[in-house]
Amino acid sequence: ISGLFRYCSLKGLPFFPVYAWVGLWTSLFFTLLGLGGSSQLIRYCTRFTDEIFNALLSLNFIYEAVASIKRNFQTADPSNLTTPFVGLAVALTTYRATLSASTFEASKFLNQKIRRFVKNFGPVIIFVAMSALNSLPSFAKFHLQTLTV
């Protein structure tokens, strides 16, 4: 979505009508593919294909996150680098906490059911908690950038 928003911004196009047309055309093509029996091609997709696709998505998210942090440092006032360093700290805290939650199932703390719950839902809970932390008035003074779409 952010790529489409950037494209619309560069070309001076209204975003929501373009987004609606992209959705309509996509649904038309998917309907035609479904009616044409293309779902039988799924047998040629292996786990390797799935892992490659997931890796590409992950690399895209990592690239966008690093680019955002880099942009924070480039646009900051050189005499006051508090905001980019706070943004970096929030990003690294989110990463480290998510990594810890994902590997929590292999630990010996608590019982298996709770460890599995933390592994499955911990990253989402951490993401929501860090987003809520960013919206607190004490963090508002840092003017951390959020998504614009």
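The values are calculated or read from the model by the stated rules, or taken from the named source; none is laboratory data. Only a predicted model underlies this, so the values are computations on that prediction, with no experimental measurement involved. Heads up, the Cβs are rebuilt from the backbone with ideal geometry, glycines too, and the neighbour counts pull from every protein chain shown. These accessible areas exclude ligands, DNA and RNA; they are computed on the full protein's heavy atoms, side chains included. Shrake-Rupley method; radii C 1.70, N 1.55, O 1.52, S 1.80 Å.
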Please report how far the C-alpha centroid of segment 85-109 lies from that of segment 7-43, rounded to the nearest whole angstrom. 36 Å
Is the shape of segment 23-75 rounded, prolate or oblate, going by the alpha carbon gyration tensor and its root eigenvalues a ≥ b ≥ c, with a/c under 1.5 for rounded and a/b larger than b/c for prolate? oblate
Excluding residues fewer than 8 places away in the same chain, name every one of the lysines whose C-alpha is closer than 27 Å to that of K108. K119
Carbon/sulfur fraction of accessible area - the chain, other protein chains in place, 1.4 Å, %: 70 percent
Separation between the S58 and Y7 pseudo-spin-labels, each 7 Å from Cα along Cα→Cβ, expressed in nm? 2.7 nm
Which of rounded, prolate or oblate describes the chain when judged by the alpha-carbon gyration tensor and an a/c cut-off of 1.5? oblate
Please work out the average accessible area per residue across the chain, using the 1.4 Å probe convention, and give it in Å². 81 Å²
Of V66, V124, V18, the one that fluctuates the most in a GNM where the chain has Cα springs shorter than 10 Å: V18
So if each residue of separation counts as 0.36 nm, and I subtract the Cα-Cα distance between F85 and V18, what length gain in nm does that give? 20.5 nm
